[in-house]
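Notes for the one structure printed next.
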Amino acid sequence: MSSEASQQETSPGYEAARDELVEVVRKLEAGGLSLEDSLALWERGEALAKTCEQHLAGARERIDAALAVVEEDVSQA
């Protein structure tokens, strides 16, 4: 199994990552956390943001591929 496939199995889907990221930001903005807890939340937020970016990049690739097929079909018509 490729590392990308195993990463997708262990990382949350876009919506779950986005929702958890919103919660992380809310906790950080509320304050009152220890430095260690704040750093741990920040690191988790960075990882979640990266996961969201990867999901969005994958969606963009799928859209681009679908549009390329449509454009090819139109140009051959």
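In whole percent, what relative contact order does the chain give with Cα contacts below 8 Å and a gap of six or more residues?
It rounds to 37 percent for the chain.
Dipole magnitude of the chain about its Cα centre, charges +1 at Lys/Arg Cβ and -1 at Asp/Glu Cβ only, in debye to the nearest 20? Don't jump to the answer; show the numbers that get you there.
Working: 7 positive and 17 negative charges, 39 e Å.
That gives a dipole near 180 debye.
Could you tell me which label, among (i) 1.22; (ii) 1.13; (iii) 0.95, carries the value of Rg/Rh (Cα atoms, Kirkwood Rh) calculated for this structure?
Among (i) 1.22; (ii) 1.13; (iii) 0.95, the one derived from this structure is (i).
What distance in nm separates the simple spin-label points at VAL69 and ALA49, each placed 7 Å from Cα in the Cβ direction?
A separation of 3.4 nm, rounded to one decimal place.
Taking the highest mean first, how do the peptides 59-67, 37-45 order by number of other beta carbon atoms within 10 angstrom per residue? Walk me through the numbers before you get to the answer.
Details: 59-67: 10.1, 37-45: 13.8.
In decreasing order of mean packing, 59-67, 37-45 become 37-45, 59-67.
For every other residue with a beta carbon closer than 13 angstrom to the beta carbon of TYR14, add +1 if it is Lys or Arg and -1 if Asp or Glu, then tell me the sum.
Cβ neighbours under 13 Å give a net charge of 0.
Please name whichever of LEU41, VAL70, ALA57 sits farthest to the positive end of the charge dipole of the chain, dipole taken about the Cα centre and charges placed at Cβ: Lys and Arg +1, Asp and Glu -1.
Result: LEU41.
Laboratory data are not the source of any read-out in this text; all were calculated from the coordinates shown. Bear in mind the structure is a predicted one, so any value in this text is a computation, not a measurement. Quick reminder, even Gly has a Cβ in these numbers, built from the backbone with ideal geometry, and neighbours come from all protein chains shown.
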